[in-house]
Amino acid sequence: MVSYIVFLLVIAGIYALLAQSLCLAWGVTGLVNLGLAGFFAIGAYASATVVKWGGAPVPLGLLAALAAGAIAGFVVCVSTLRLRDDYLAIVTLGFAEAVRVVASNEIWLTGGTDGISGIPAGLPRDWGQGFHLASLAAVSAVVGAVWLALRRLVASPWGRALRAVREDQVVAAVAGKRVTRLKAEAFAISAAIAALAGALYGHYTSYIAPEIFQPLVTIYVFLAVTAGGNGRPTGATVGAYLLIAFLEATRFAAEVVPGVSALQAAALREMAVGVALILLLRFRQRGIFPELNQKAPA
Amino acid sequence: MPEALIQALINGVIAGTILAVPALGFTAIFAVLNYPNFAIGALATVGAYAGWVGNTAFGLPMAAALPVAFVAAALAGLAVQWMAVKPLEAAGALMMAIASLAAGLVLENMLRFGFGNELRGFDLPLLRDWRFGAFRVGPQQVENFVLALACMALLWAFLRFSRTGRAMRAVADNRDLALLRGVDPVRVAAVTVAVGAGLAGMGGMLVGLDTSVDPLVGTRLVLSIFAAAVLGGLGSIPGAVAGAIAIGVAEEVAVLAFNPAYRLVVGFVAILAVLTLRPAGLFGTRAG
Amino acid sequence: MTLLTRRAAFAAGTAMLAVPSLARAQGAPIRLGTLTPLTGAGGPYGPVMANCVRAVIAEVNAAGGVLGRQVQLVSEDDQTNPEAGVRAARKLIDVDRVAAIMGTWASSVTTAVAPLCWESRTFLATVSGADSITALPHNGWLVRTQPNTTLQGRKFGEYVLELGAKRAFFMAPQTPFTQSQFTNMKVALERGGGSADLLIYDANKPSLRTEVDQALRARPEVIVLGGYTPDSTVLLRDIFRAGFRGKLLAFAYSVNQQMIGSLPHEVTEGIYTLAPSPAEGSGGFDRVKRIVGSDNPDPYTCQIYDHVNLVLMAMAAGRDGTGQAIRDSIRRVSQGGGERVDNAVDGLRIVAAGGKVDYDGASGPCDFTDAGDISDCRFRYEQVRAGRQTLLRIA
């Protein structure tokens, strides 16, 4: 039981990073990233290839993931920044699928659908429970660091400018904000955070494959961020831990629903995710930790 | 290779025409209600199952099963709209989009709960293709092609000649002006959602006829639908048709030109290229 | 029945959370887990697999259980996704404390879950095909019943030659075994003076007409289908429409009863299929037929039937309801002579009486190498005739 909870806390930490990524892009800047799973994948593959095949130390892999994520984020968003935000949503959705196709077929680079197994963790795996506790400490430290950094960024003049862009691009532009540039910066940083989450996931579980990075992951993160409050890093982070608690709780709940087959129980669990997201959007849109200054000064 | 290319073009035009039906539904909802409805894939699946039930349980022929698909998907679309999306109107297009994504997940799993994951095939004889020299076309394909064209013609007539259709176009063109002229926005929104979701449902059934029906049948189409709609310009009705045919052709020609496994990437690159070079799409209007 | 066991499982589960030491006392039920895809791309396969295991366990419990203890089944969904699979496996291992996890389907899920299993001394039985799986450093904690792709590829190649053809065309989506399957098939074909081409398609595409045109341009005598049921359905329709008159060869898990039922008969007529099989006259296959109520049970269902039977008997032979006992004893019930059995109820009786059994299952003789691969396997050669799979031979 303890090892189950430790494991879930590590996974929740990785989802917390994804949630923080989405918080910056969506909550603060108003850019919907439906391709979160794609950036998650880019980071996982960047770090895994650099460390496993390039023999680099893990910290270098994490840096490679950050860089790869930022570059990919910039490339993806740059063509849509002058358009309505819906376009970015569609482009990112396509991006995530494209990443999966490339990862499945470029076997020389990614190991194809076989994936990459035996990714070094940078910590000795034969510590047993100690390994998981050490990983938990490491991942939690990263989550904490990103949380602190995001809080400062969001509170800074740059963060206020992002919120101004979110509230009204035209007003922000008239007020002298460089809207396109601000959006590109925020999106690239956000993508880098998602990539960092991917890198940590690969090093912790030792295995990545294209099938991990399915669109459902993105929906999960939206659920997390909505639950916690999308405008605040604290909300997003807490939301991610609640998400994992919710996902696992549905597993036990599905076992007590009488008279349904295993398949129907599985369908009910996925339904619960969708229903929870709809209900939260409707009744608790600002989340558990609502943004304090709802309207930013332009 | 010219024959291979021409054959791929024929295949692409036909595939694109079928794709145009759900793409029209997506773009119509976008034009009038101003948000991308990400439940479109699940709505297509609803239509596919409804048509399948109509066909196999009640023995309906295809032309009669198609309206069943339309009605079922339209009802599901209205349910999604009223229960998930509409309450978020004040929160903006993105919130509505996300709610529709969640609603799509719910719909997909309701179908899985009810029907299981088994593949369901329509009760329909499969015919060999007709051959014209070096080229071939399938009778079924032609039938689907004609049905798809009929759907589009009906939509066109509806938008052009009916009062509600004209009101929809008015709202799409200029919302405020339309409201000033006394268009009932609630009614127009409801009709648009019903028509849009219904088109998606018919599209799903047309694809299901050609493949088989399972809970993911519509989801597999989603990216092609988006690519088609964006390529034609989000919210443009003729654009969705042109975009769908272009995507259909591009996906088939890509089989000859590159690795066939890269089909999805073709759609994605097409979206990126269009948005970079000509953001309004081939026909589009409302990009800014 | 289902209802009762579910509630019982939950009651036991909650009791265990509260007082773990009590629950593990003598006489407490033995827990086993299935981890099959119930949603996602593997959805057409996983539900039947889970049901088959449930039925076997019900039979065994009715006959008195294992080592005097009842057996409880916990079925989780891997969502055909390694991330979800790992979470589910963690729950099975740490909360339910299952002795074995059975039926992982996608190679990626198996590869992701395997390390958790061997680290926590939980036995893993899988149906995944990728060659890399048994090469993992699993130290005996894993067996697989699916023949590896080297063997399957060779069999496909040899069968093409046997059908009197030289030119084969392999059409498949990108899976962990596509490349290896093709390479081995090609080697076998070329040895017999034949040739093979490959086309990898997108499994999500609603029409594969142009892909089929591309394949037909190579004028193949045999088209070999390497996909799963949903995409193979699309492919077969388009092959039929194109008027292909050659022969078709496929895995029995893709051209299965489900697919044959969903397509007009003339489309599937004459397709040759291969599936791993026990020797002729083995009763396991008939038992699976009865359990799932179909004349042509899916090969994956046959394999998971073997998993659960082997696991149950290995615990009895090891005199302990743990993963360790299964790992140490599975080869004592799967091979090495003894009384032939094809189900756990008979096997458990013999083992309890101090006898030695040698299990012959529904998917094959189930004899394992040290690496966990099956060492010997026959194949069922079948042909679809008038909407039914007809056995040609077992060899």
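Of the residues examined, residue B:10 is one that is of a type in the set (A, V, I, L, M) and in contact with a strand residue (DSSP E or B) (Cβ under 9 Å, 6 or more places away or on another chain). Selection of first residues in the stretch A:259-279 that are at the interface with another protein chain (Cβ under 7 Å from one of its Cβ atoms) and within 23 Å of residue C:55 (Cβ to Cβ) and of second residues that are buried (at least 22 other Cβ atoms within 10 Å of the Cβ) and of a type in the set (A, V, I, L, M), restricted to Cβ pairs under 7 Å at least 6 apart or on distinct chains, gives the following pairs, ordered by first then second residue: A:262/C:38; A:262/C:50; A:263/C:38; A:266/C:38. Can you go through C:180, C:254, C:195 and tell me which one is buried (at least 22 other Cβ atoms within 10 Å of the Cβ) and touching a helix residue (DSSP H, G or I) at 6+ places or on another chain (Cβ under 9 Å)? Within the list C:180, C:254, C:195, the selection yields C:254.
Looking across the stretch A:103-128, the residues that are in a helix (DSSP H, G or I), closer than 16 Å to residue C:116 by Cα and within 10 Å of chain C (Cβ to nearest Cβ) come down to A:125, A:126. Here the condition is being closer than 30 Å to residue B:123 by Cα and charged (D, E, K, R); of B:220, B:175, B:187, B:169, it holds for B:220 alone.
Please determine whether any residue of the stretch C:210-229 is surrounded by fewer than 24 Cβ atoms within 10 Å (Cβ to Cβ) and modelled with pLDDT under 90. Checked against the condition, which is being surrounded by fewer than 24 Cβ atoms within 10 Å (Cβ to Cβ) and modelled with pLDDT under 90, the stretch C:210-229 yields no hits at all. Taken together, A:225, A:275 contain a single residue that is part of a helix (DSSP H, G or I), touching a Phe, Trp or Tyr at 6+ places or on another chain (Cβ under 8 Å) and of a type in the set (A, V, I, L, M), which is A:225. Residues that are crowded, with 21+ Cβ neighbours inside 10 Å and within 11 Å of chain A (Cβ to nearest Cβ) are absent from the stretch C:58-67 altogether. Scanning the stretch B:45-70 for residues that are among the aliphatic types (A, V, I, L, M), over 15 Å from the mean Cα position of the chain (by Cα) and either in a helix (DSSP H, G or I) or at positive phi (or both) yields B:50, B:53, B:57, B:62, B:63, B:64, B:65, B:68. When the residues of the stretch B:110-134 are narrowed to those that are in contact with a Lys or Arg (Cβ under 8 Å, 6 or more places away or on another chain) and buried (at least 17 other Cβ atoms within 10 Å of the Cβ), which ends up farthest from residue B:56 (Cα to Cα)? So, considering only residues that are in contact with a Lys or Arg (Cβ under 8 Å, 6 or more places away or on another chain) and buried (at least 17 other Cβ atoms within 10 Å of the Cβ), the one farthest from residue B:56 (Cα to Cα) is B:129. Residue C:104 meets the conditions (1) modelled with pLDDT under 95; (2) buried (at least 22 other Cβ atoms within 10 Å of the Cβ) in every case but one. The failed one is (1). Please verify whether the stretch B:193-210 includes one or more residues that are over 14 Å from the mean Cα position of the chain (by Cα) and assigned to a helix (DSSP H, G or I). Yes, the stretch B:193-210 contains at least one residue that is over 14 Å from the mean Cα position of the chain (by Cα) and assigned to a helix (DSSP H, G or I). A count restricted to the stretch C:338-363 and to residues that are touching a residue at least 60 places away in the same chain (Cβ under 8 Å) and part of a loop (DSSP other than H, G, I, E, B) stands at 6. Within the stretch A:73-84, residues that are closer than 15 Å to residue A:26 by Cα reach partners that are among the charged types (D, E, K, R) with beta carbons closer than 8 Å, at six or more positions or on different chains, in the pairs A:77/A:183; A:81/A:183; A:84/B:286. Among the residues of the stretch C:105-154, just one is among the basic types (Lys, Arg) and in contact with a strand residue (DSSP E or B) (Cβ under 6 Å, 6 or more places away or on another chain), namely C:144.
For first residues located in the stretch B:214-232 and within 14 Å of chain C (Cβ to nearest Cβ) and closer than 17 Å to residue A:216 by Cβ, partners that are in a loop (DSSP other than H, G, I, E, B) and among the basic types (Lys, Arg) and lie 6+ apart or on another chain with Cβ distances below 8 Å form the pairs B:220/C:205.
Tell me which residues, restricted to the stretch C:208-224, are β-branched (Val, Ile, Thr) and within 14 Å of another protein chain (Cβ to nearest Cβ). Answer for the stretch C:208-224, where residues must be β-branched (Val, Ile, Thr) and within 14 Å of another protein chain (Cβ to nearest Cβ): C:210, C:212. With respect to being over 23 Å from the mean Cα position of the chain (by Cα), modelled with pLDDT under 95 and of a type outside the set (D, E, K, R), residue A:158 falls outside the description. With respect to the conditions (1) surrounded by 24 or more Cβ atoms within 10 Å (Cβ to Cβ); (2) in a helix (DSSP H, G or I); (3) in contact (Cβ under 8 Å) with a residue 12 or more places away in the chain, residue A:230 falls short on a single one, namely (2).
Residue C:347 falls short on exactly one of the conditions (1) over 20 Å from residue C:104 (Cβ atoms); (2) out of contact with any helix residue (DSSP H, G or I) (no Cβ under 6 Å at 6 or more places or on another chain), and that condition is (2). Could you pull out every one of the strands (runs of 3 or more DSSP E) wholly within the stretch C:75-178 that has 1 or more residues that are in contact with a Lys or Arg (Cβ under 8 Å, 6 or more places away or on another chain) and of a type in the set (Lys, Arg)? Those strands (runs of 3 or more DSSP E) span C:167-173.
May I ask you to verify whether residue C:370 is crowded, with 17+ Cβ neighbours inside 10 Å and either touching a residue at least 12 places away in the same chain (Cβ under 8 Å) or not in a helix (DSSP H, G or I) (or both)? For residue C:370, the condition - crowded, with 17+ Cβ neighbours inside 10 Å and either touching a residue at least 12 places away in the same chain (Cβ under 8 Å) or not in a helix (DSSP H, G or I) (or both) - is not met.
Limited to the stretch C:95-112, what total is found for residues that are facing chain A (nearest Cβ under 9 Å) and in contact with a Leu (Cβ under 9 Å, 6 or more places away or on another chain)? Residues in the stretch C:95-112 being facing chain A (nearest Cβ under 9 Å) and in contact with a Leu (Cβ under 9 Å, 6 or more places away or on another chain): 3 in total. Within the stretch B:1-28, residues that are away from chain C (no Cβ under 12 Å) have Cβ atoms under 8 Å from residues that are buried (at least 16 other Cβ atoms within 10 Å of the Cβ) and outside any helix (DSSP H, G or I) in these pairs: B:26/B:36; B:26/B:37; B:27/B:234; B:27/B:235; B:27/B:236, counting only partners at least 6 apart in sequence or on another chain.
Name the residue that is surrounded by the fewest Cβ atoms within 10 Å (Cβ to Cβ), counting only residues in the stretch B:211-227 that are more than 9 Å from the chain's Cα centre (by Cα) and of a type in the set (A, V, I, L, M). Only one residue fits best here, namely B:216. In the condition set (1) more than 14 Å from chain C (Cβ to nearest Cβ); (2) surrounded by fewer than 24 Cβ atoms within 10 Å (Cβ to Cβ), residue B:202 is compliant with all but (2). Sort through B:113, B:122 and tell me the only one that's within 13 Å of chain C (Cβ to nearest Cβ), in a helix (DSSP H, G or I) and either under 20 Å from residue B:226 (Cβ atoms) or not charged (D, E, K, R) (or both). On inspection, the qualifying residue turns out to be B:113.
In this structure, residue B:146 does not satisfy being of a type in the set (Val, Ile, Thr), buried (at least 19 other Cβ atoms within 10 Å of the Cβ) and in a helix (DSSP H, G or I). When we screen A:178, A:151 for residues that are surrounded by fewer than 23 Cβ atoms within 10 Å (Cβ to Cβ), basic (Lys, Arg) and free of Cβ contacts under 8 Å to residues at least 60 places away in the same chain, the only hit is A:178.
The values are calculated or read from the model by the stated rules, or taken from the named source; none is laboratory data. These figures come from a predicted structure and were not determined experimentally. Every residue, glycine among them, receives a Cβ derived from its backbone with ideal geometry; neighbour counts consider all protein chains shown.
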